[in-house]
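Asker: Sharing a structure below in structure tokens format, with a few things to ask.
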Amino acid sequence: MSTDDRFGVGLSQAADPRDAAAEACAAARATLGGSPPTLVVMFASPDLCDDAEGLLDAVHDELAPENLIGSMGEAVVGAGREIEDGPALAVWAAVLPGTEVIPFRLVARPLGEGLGVLGWPDAVADAPAGNIGPIIMLADPFTFPADGLLAELNDEPGAPVVVGGLASGGRRPGVHRLFAGQDVLEEGAAAVALRGATMRTVVSQGCMPVGPEMVITDGEGSTVRSLAGTPALDKLEEVVAALEPEERSLAVEGLMAGLVIDENVPDYTRGDFLVRAIHGGDRESGSLIVGEQVRVGQTMRFQVRDASSADEDLREALRAARAGLGGAAPAGALVFSCNGRGTRMFASPHHDAAVIAEELGDVPAAGLFCNGEIGPVGGRSFLHGFTATMVVFGSGSGT
């Protein structure tokens, strides 16, 4: 990434869309050195999206970005704060002279007995493995099958990873708003693929592993019949009984399954497990039902989640991302946090935004609370819940 890269962010709580755009864009523009932004990503609360067209026009008038995407969100993250109530607009802007930005839009349409996704650009589909990525995607949860698209991408060798989230704040189709270029969308997805930028992805699933790692010795679909040669339900009870009292109390409140996606690493850490809910068990067969397809030979470890483990997990993930930038310094971040986090999970407001500032420094960061978060685990992209996913941009001597 070029040392000429610049990032900025602005946050406004003005109730009028044009006033909000003027205030947020002025703050974002202040650190760009007078250059028009290569990419703007905007996040707006539902009340500001009542005049989504006027809001978008105002952002274009203020910044004249080359590329723009954005989304409505029930809560907006920006400039070190998380605004969970009332009007809010966060505008994140970047000048990226050494980066190619490929914007595109996706829609789902009936295809045979299911849905097909249209709009995938040839420049991304035909790119060599590792040449592009990650893709930053914002999607409508009612009209776009994000999980289906990600499953297809995971079956394509060398496909780029995807980071982003699902719009929030609406309770029925047609209410959410997405922003793509100079257009307001009511369906589908808005995305950009980046080539040549220094970036690292963050996926913090907010969990703490408990008990031993175990191999699935019998299972099919989402059913785990046995772990380490023992009926899965019996193994769960055995693991819980052996936990320390504090861990056991968390397990009683809700135990989850962590599944290793990439087995080709010597030791598994938190970030190697895809965390999914345990939907139930069958006492007669001893099986467990988990929220993901499993395979025999896959490693599994039980997980628990609370505010403390979520805080620790996010800090570890951010430190790993910072280390992964090598000689580049953290310079900006886009944040996609679950709408079950914020003050619904943590005792004080602005938790994720504050942790980002503490671990990465005072970098321009913006995002939203999502209806589902997208990010990679083990090199494959998944749709998550109760997760914070991010893209961290670096600048300086990184490559």
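The values are calculated or read from the model by the stated rules, or taken from the named source; none is laboratory data. Predicted, not measured: the structure shown is a model, and the values here were computed from it. Methodologically, a virtual Cβ is constructed for each residue, glycine included, from the backbone with ideal geometry; neighbour enumeration extends over all protein chains shown. Side chains are part of the model used for accessible areas, which takes the heavy atoms of the whole protein and leaves out ligands, DNA and RNA. Shrake-Rupley method; radii C 1.70, N 1.55, O 1.52, S 1.80 Å.
Asker: What number does segment 48-111 give for Rg over Rh if you use C-alpha atoms and the Kirkwood radius?
Answerer: Rg/Rh for segment 48-111 comes to 1.02.
Asker: Please report the carbon-and-sulfur percent of the accessible area for the chain; probe 1.4 Å, protein heavy atoms only, DNA, RNA and ligands left out.
Answerer: The nonpolar share, carbon plus sulfur, comes to 47 percent.
Asker: Also, I was wondering about something else. Return, for the Cα atoms of segment 100-143, the radius of gyration and Dmax in Å, separated by a comma.
Answerer: According to the Cα coordinates of segment 100-143, Rg and Dmax are 12.5, 37 Å.
Asker: I've got another one for you. Cα-based Rg of segment 117-182 per 2.2 N^0.38 Å, rounded to two decimals?
Answerer: Segment 117-182 yields a ratio of 1.23.
Asker: If you don't mind, there's one more thing I want to ask. Bin width 10 Å, origin at 0, all Cα-Cα pairs of segment 115-235: what percent of pairs per bin?
Answerer: Taking every Cα pair in segment 115-235, the percentages come to 11, 30, 28, 21, 10, 1.
Asker: Cα-based Rg (one decimal) and Dmax (whole number) for segment 256-389, in Å?
Answerer: Final numbers for Rg and Dmax: 16.3, 56 Å.
Asker: Next question. For segment 26-69, state the semi-axes of the equivalent ellipsoid (square roots of 5 times the eigenvalues of the alpha-carbon gyration tensor), sorted largest first and rounded to whole angstrom.
Answerer: 20, 10, 9
Asker: I would also like to ask the following. Could you give log10 I(q)/I(0) at q = 0.13 Å⁻¹ for the chain, computed by the Debye formula over C-alpha point scatterers of equal weight, without solvent?
Answerer: These q points yield log10 I(q)/I(0) values of -1.07.
Asker: Taking the alpha-carbon set of segment 66-169, what are its Rg and Dmax in Å?
Answerer: Cα-based Rg and Dmax for segment 66-169 come out at 15.8, 46 Å.
Asker: A further question follows. Take each of the peptides 314-320, 89-95, 382-388, 264-270, average the number of other beta-carbon atoms within 10 Å over its residues, and list them starting from the highest.
Answerer: Going by the mean number of other Cβ atoms within 10 Å, highest first, we get 89-95, 382-388, 314-320, 264-270.
Asker: Compute the length gained on full extension between Asp57 and Asp262: take 0.36 nm times their separation in residues and subtract their Cα-Cα distance, giving the result in nm to one decimal.
Answerer: Length difference between fully extended and current span is 69.4 nm.
Asker: Using r as the Cβ-Cβ distance of Val215 and Asp147, and R0 as 30 Å, what FRET efficiency do you calculate, to the nearest 0.05?
Answerer: Efficiency, from the Cβ-Cβ distance: 0.70.
Asker: Using a 1.4 angstrom probe and counting only protein chains, how large is the accessible area of Arg172 in Å², to 10?
Answerer: Only protein atoms counted, so the area is about 150 Å².
Asker: Would you please report the Å³ per residue occupied by the convex hull of the alpha carbon atoms in segment 240-293?
Answerer: Each residue corresponds to 124 Å³ of Cα convex hull volume.
Asker: Rounded to the nearest 0.05, what FRET efficiency do Asp126 and Asp4 have when you use their Cβ-Cβ distance and R0 = 30 Å?
Answerer: 0.55
Asker: At 37 °C and 0.692 mPa s, what whole-number value in µm²/s does Stokes-Einstein give for the translational diffusion of segment 1-109, with Rh from the Kirkwood sum over Cα pairs?
Answerer: This corresponds to a translational diffusion coefficient of 235 µm²/s.
Asker: Per DSSP helix of 4 or more residues, -39500 (n - 2.57); summed, then divided by the residues of the chain. What does that give at 222 nm, rounded to the nearest 500?
Answerer: About -6500 deg cm²/dmol.
Asker: Taking the Cα atoms of segment 181-309, report the difference between the largest and smallest coordinate on each principal axis, in whole Å and largest first.
Answerer: Principal-axis extents of the Cα atoms in segment 181-309, largest first: 57, 34, 32 Å.
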